[in-house]
Amino acid sequence: MSTSVNAKTYDVAVIGAGMVGACCASWLRRSGHSVALIDRGEPGGGASYGNAGVFATYASVPLNSPTLPGRLPKLLFAKESPLTVDWGYVLRMTPWLLQFLANCRPSRVAHISQSLASLVVQAEAGALPLFQASGADKLMQSRGAIYLYETEAGLAAAQAEREMREHAGFKVEAVTRDEIGQLEPNLAKDHVGGFYYPDSHNYTNPQASVGALAQRFAADGGDIVTADISSIARAADGALELRTCDTTLRCRQMVLAAGAFSRNLFGGLVEHLPLETERGFHVVFEGREDLVSRPVGHAAGGFYMTPMEGGLRAAGTVELGRLKHDIRDANIRQIMTHARRLLPQLPKEPDEKWVGHRPTMPDSLPVIGRSQRTPEIIFAFGHQHVGMTLGGITGKLVAEIVDGAEPSVDLEPFAPGRF
């Protein structure tokens, strides 16, 4: 079969139209580049659709923790655990898991936390100009977020994380059970207290927020292309050719921002990096968004409940697994059990169940920077649980890389060569 070639050669093509990719394309277009934003589905239809919707201005503590190796057996085998494993995939994941555990050393955790904080402190500066220009800011609210603990031991153990956040300059307030009851009177008293993050925001419709960015990008002259890129090659004139089953798109530089699916393009011009998948889940209870007024996190359950347009979303838990789309009942039951403990008013069955794929690196840091194998390719993936928070600043950094400008954040901790 003959392959047609798009005659236009873009300055930059961005693969992946989630929050990170949409922000990269938007910042690049604002810098005057001709840009194609490419995705096999609609903007915001992947992990950006199904997340907890928290713009976490405190997200400087990685999943890597000095206490995790000792807690891992219980997490893996407990009946009610926020962590599950696709055991048929464990052998393939073993190298990644070993790297992850190596990054649980105290010195590494301190470095990772400082690096995350350097991005998080710039998160609003990277996102708000895009949100305000597109109207996506109208799809956000700013009432802070609460994180709850069931036991005094769990709350005491979390003090170290509180200190890490405060050391980075983020506001954290300890709140008692009664104070939480004043903030969220519908919550059951099935907790001993928690922390309140007053500067946090949340999306009321995450996918619509990404869609607003994409619409503004198109209105500003960017091209949105629906295509499933299968390979990348270099043309005789030096341009990059992004190939699908029936056409080829050309660009001078490319941004790989396809989240967990970025690894489908590893090989050839793109080096292999230790990108893995955390499958995340959510349920939605339609018409129950008034039960809480802000995101409410639950440490033991590993999830957030967030009021959104049309319903209350409970999203979280982790399954270490592959890029598959089946919904694991154990994770749904975990979310449902804890959600109904906190809000007994919830029905026994949700109106929606969803599974998606979080892109995760073994050091909990995204990859932002030029490929060592092909410098015309810029990586912007691996944001794990904070892509909705760090999309804007990542996009700004990518535009600075393309422009050859001084980056707003030291990029060394996020460089592809660190592996």
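The values are calculated or read from the model by the stated rules, or taken from the named source; none is laboratory data. This is a predicted model, so every value here is computed, not measured. Here Cβ is always computed from backbone atoms with ideal geometry, including for glycine, and neighbour counts include all displayed protein chains. Note: accessible area is taken over every heavy atom of the protein model, side chains too, but ligands, DNA and RNA are not part of it. Shrake-Rupley method; radii C 1.70, N 1.55, O 1.52, S 1.80 Å.
The table below lists the values:
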{"item": "Under the Karplus curve 6.51 cos²θ - 1.76 cosθ + 1.60, θ = phi - 60°, whole-Hz ³J(HN,Hα) for the range 274-281, x wherever Gly or Pro sits", "result": "x, 8, 10, 10, 9, 7, x, 10"}
{"item": "Cα-centre dipole for the range 253-356 with unit charges at Cβ (Lys and Arg positive, Asp and Glu negative), debye to 20", "result": "280 debye"}
{"item": "Calculated FRET efficiency for the pair residue 171/residue 309, C-beta based, R₀ 25 Å, to 0.05", "result": "0.35"}
{"item": "Between helix 68-77 and the chain: long-axis angle, C-alpha atoms, 0 to 90°, nearest 10", "result": "80 degrees"}
{"item": "Electrostatic dipole magnitude of the range 93-157 [Cβ: Lys, Arg +1; Asp, Glu -1; Cα centre; debye, to 20]", "result": "180 debye"}
{"item": "Nearest-0.05 FRET efficiency for residue 418 and residue 125, computed from C-beta distance (R0 30 Å)", "result": "0.75"}
{"item": "Unit charges on C-beta of K, R, D, E only; dipole of the chain, Debye", "result": "700 debye"}
{"item": "Linear extension gain, residue 77 paired with residue 373, 0.36 nm per residue minus alpha-carbon span", "result": "102.5 nm"}
{"item": "Theoretical FRET efficiency, 1/(1+(r/R0)^6), r = Cβ-Cβ of residue 182 and residue 235, R0 51 Å, to 0.05", "result": "0.20"}
{"item": "Selection of trypsin sites (Lys or Arg not before Pro), the range 334-419, meeting DSSP coil and at most 16 other Cβ within 10 Å", "result": "348, 373"}
{"item": "Percent antiparallel among DSSP beta bridges (both partners in the chain, rounded to 5)", "result": "70 percent"}
{"item": "Pair residue 91, residue 266: separation of 7 Å Cα→Cβ label points (nm)", "result": "1.8 nm"}
{"item": "Signed unit charges on C-beta, dipole axis of the chain, positive-most listed residue 157, 275, 391", "result": "275"}
{"item": "Folded to 0 to 90 degrees: helix 123-134 orientation relative to the chain principal axis, Cα", "result": "70 degrees"}
{"item": "With every protein chain in place, the chain: carbon and sulfur % of accessible area (1.4 Å)", "result": "51 percent"}
{"item": "Highest-fluctuation residue, 259, 16, 221 considered, GNM on the chain with Cα pairs under 10 Å", "result": "221"}
{"item": "Mean ellipticity per residue at 222 nm, deg cm²/dmol - from DSSP H runs of n ≥ 4 across the chain, formula -39500 (n - 2.57)", "result": "-9500 deg cm²/dmol"}
{"item": "Rg/Rh ratio calculated on Cα atoms of the range 193-246 (Kirkwood radius)", "result": "1.26"}
{"item": "Inter-site label distance for residue 348 and residue 323 at 7 Å from Cα along Cβ, in nm", "result": "3.9 nm"}
{"item": "Residue of 287, 88, 392 that the Gaussian network model of the chain assigns the largest fluctuation, springs spanning Cα pairs under 10 Å", "result": "88"}
{"item": "Using alpha-carbon coordinates, inclination of helix 206-219 to the longest axis of the chain, degrees", "result": "30 degrees"}
{"item": "Residue-wise HN-Hα coupling along the range 237-245, computed from phi with Karplus coefficients 6.51, -1.76, 1.60 (Hz; x: Gly, Pro)", "result": "8, x, 5, 8, 10, 9, 9, 10, 5"}
{"item": "Among 118, 230, 364: highest mean-square fluctuation, GNM of the chain, C-alpha pairs under 10 Å", "result": "230"}
